[in-house]
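J.: Next up is a structure, given as structure tokens.
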Amino acid sequence: MHERLPPPSAAPQAWEMITDAEQVFTLAMPRGWRNRAWVQRNGPIPHQLATTESPDGETALFLGDPTIPQFCEPSAAMFGLQPGTVVQPYTSIEHFLPSYAQHRFGGLPGFRLGAMAPSPELFQWTGQALQRAGATQMWITSGRLSFAFDEGPRRVQALLFGSSVSLRPIWMVHVYGITTVGDPEAFAPALLEMLTSLRTNPAILERQQQERARSAAQHQATMAMINQGTAILQANHQQNMATLRGMAANHQAHMASLHESHAAHNAAWQSQQASQAAAHHAQMHTSDDSHRRFLNAISEERTVIDGEGNSHQVADGYDRYFRRRSDGSWIGTRDHRDLRDIPGVNPNDYEEVKIKV
């Protein structure tokens with residue numbers, strides 16, 4: 001059985017500077033390990049990636065995951081997205097990292113999630129790196145998550161570090177990790193040493209800052225347009241409400257006039273009916289419907305029956321009639337229109353009656 005290699009030392013001679021093939025960034029990596037650094041473009045932001053494997057093959061460290069896209073909050077998605085951007089509400093790292101580990105590594109044999117914890121070191125480094133890149137407004141959450149899986153007969157222990165960074169409305173997640181048959185905590189300082197040594201080429205960094213400035217200016221212009229549109233909508237709404245209030249007032253005045261006319265007309269008709277009731281009772285009993293239709297045609301009225309069986313005379317010209325319970329006043333409507341379509345009228349105050357003739 002071979003002796004397990006210790007973690008990389010913090011001594012300078014234990015490290016070497018590595019540059020990716022495009023010379024986008026540099027970082028320190030363990031000397032004598034199998035080191036690789038490269039840039040991969042799966043979306044609007046190039047992914048700076050690095051992996052290293054110990055000579056005995058029992059430990060591997062990695063920086064970055066190109067499968068994680070750039071995200072955009074839903075509130076800004078309507079104004080267009082860069083290719084590859086995913087619309088999703090901001091998710092803090094303590095919620096993102098377990099889901100990511102389950103999705104990315106959950107298919108490995110014997111996979112089992114461990115504990116989630118904060119990472120103050122990663123939080124501090126992420127904030128400093130963003131400030132060096134020119135970011136002024138940001139929200140950061142950082143943490144670490146352990147898990148394990150089987151690799152043949154060996155049980156592999158893993159430790160993930162991650163930061164979720166919001167530069168509203170854009171946000172992104174960066175993930176770094178350790179897998180080893182030993183103790184991953186022993187290699188955490190080496191992983192953080194690689195990460196903190198990472199430096200982007202100044203020319204590339206300047207272009208990123210310019211792009212961020214353009215995005216910020218575009219976002220401000222978009223928000224100004226939204227605010228202007230909101231003000232216009234509010235003004236239109238207020239104008240519409242004023243118009244509706246005026247229409248409701250006119251309707252109430254018109255209906256009050258109709259009620260007064262109907263009441264006077266009904267009183268005169270009822271007085272006339274009372275004086276003739278005894279003489280014409282038998283005839284009205286046999287030809288009630290035809291006689292009532294004749295009288296209603298003459299007086300331009302209709303006969304309606306309320307819920308208690310009482311007859312009422314109302315003005316002709318409507319398809320539905322409603323009687324207010326409190327004072328006996330009437331409202332008539334056309335076709336299938338009901339009181340819910342009339343501004344200022346509470347339908348619960350009225351009873352719809354049945355048209356007899």
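J.: Please verify whether G106 is at pLDDT 90 or above and over 16 Å from N42 (Cβ atoms), treating the condition exactly as stated.
T.: Working: at pLDDT 90 or above: yes; over 16 Å from N42 (Cβ atoms): yes.
So G106 fits the description; yes.
J.: Has the range 56-75 got any residue that is touching a Cys at 6+ places or on another chain (Cβ under 7 Å), farther than 22 Å from G182 by Cα and in a strand (DSSP E or B)? Quick ask: steps written out before the conclusion?
T.: First pass over the range 56-75, keeping only residues touching a Cys at 6+ places or on another chain (Cβ under 7 Å): none.
Checked against the condition, which is being touching a Cys at 6+ places or on another chain (Cβ under 7 Å), farther than 22 Å from G182 by Cα and in a strand (DSSP E or B), the range 56-75 yields no hits at all.
J.: Please enumerate the residues belonging to the range 155-183 that are in a loop (DSSP other than H, G, I, E, B) and either of a type in the set (A, V, I, L, M, F, W, C) or within 23 Å of L198 (Cα to Cα) (or both).
T.: The first filter runs over the range 155-183 and keeps only residues in a loop (DSSP other than H, G, I, E, B), leaving 168-169, 181-183.
V181 - this is the single residue of the range 155-183 that is in a loop (DSSP other than H, G, I, E, B) and either of a type in the set (A, V, I, L, M, F, W, C) or within 23 Å of L198 (Cα to Cα) (or both).
J.: So, T200, is that one in contact (Cβ under 8 Å) with a residue 24 or more places away in the chain, over 30 Å from the mean Cα position of the chain (by Cα) and under 18 Å from Q48 (Cα atoms) or not?
T.: Criteria met by T200.
J.: Here are the criteria: (1) surrounded by fewer than 14 Cβ atoms within 10 Å (Cβ to Cβ); (2) modelled with pLDDT of 95 or more. Tell me which single one F62 does not satisfy.
T.: For F62, the failing item is (1).
J.: If I filter the range 320-343 down to residues being open to solvent by less than 70 Å² (accessible area, probe 1.4 Å) and in a loop (DSSP other than H, G, I, E, B), which single residue comes out as nearest to A256 (Cα to Cα)?
T.: S329
J.: Of the conditions (1) in a strand (DSSP E or B); (2) open to solvent by 20 Å² or more (accessible area, probe 1.4 Å), F147 satisfies every one except a single condition; which number is it?
T.: Going through the list (1) in a strand (DSSP E or B); (2) open to solvent by 20 Å² or more (accessible area, probe 1.4 Å), F147 breaks only (2).
J.: Being farther than 24 Å from I170 by Cα and over 23 Å from the mean Cα position of the chain (by Cα) is true for just one of A115, A133. Which residue is that?
T.: Step by step, each of A115, A133 is checked, and only A115 is farther than 24 Å from I170 by Cα and over 23 Å from the mean Cα position of the chain (by Cα).
J.: Considering each residue of the range 325-343, count those that are touching a residue at least 40 places away in the same chain (Cβ under 8 Å) and over 15 Å from I305 (Cα atoms), and give that number.
T.: Of the residues in that region, 2 qualify.
J.: Starting from residues that are open to solvent by less than 70 Å² (accessible area, probe 1.4 Å) and polar (S, T, N, Q), keep the ones in the range 110-144 and report whichever is farthest from A186 (Cα to Cα).
T.: Ranking the candidates gives T141 first.
J.: When only residues in the range 48-59 that are touching an Asp or Glu at 6+ places or on another chain (Cβ under 9 Å) and open to solvent by less than 40 Å² (accessible area, probe 1.4 Å) count, which is farthest from E185 (Cα to Cα)?
T.: L49
J.: When the residues of the range 65-109 are filtered to those that are touching a His at 6+ places or on another chain (Cβ under 9 Å) and either touching a residue at least 40 places away in the same chain (Cβ under 8 Å) or of a type in the set (A, V, I, L, M, F, W, C) (or both), which remaining residue is most open to solvent (accessible area, probe 1.4 Å)?
T.: F79
The values are calculated or read from the model by the stated rules, or taken from the named source; none is laboratory data. Predicted, not measured: the structure shown is a model, and the values here were computed from it. Please note: Cβ atoms are built from the backbone with ideal geometry, for glycine as well, and neighbour counts cover all protein chains shown. Side chains included, ligands, DNA and RNA excluded: accessible areas come from the protein's heavy atoms. Shrake-Rupley method; radii C 1.70, N 1.55, O 1.52, S 1.80 Å.
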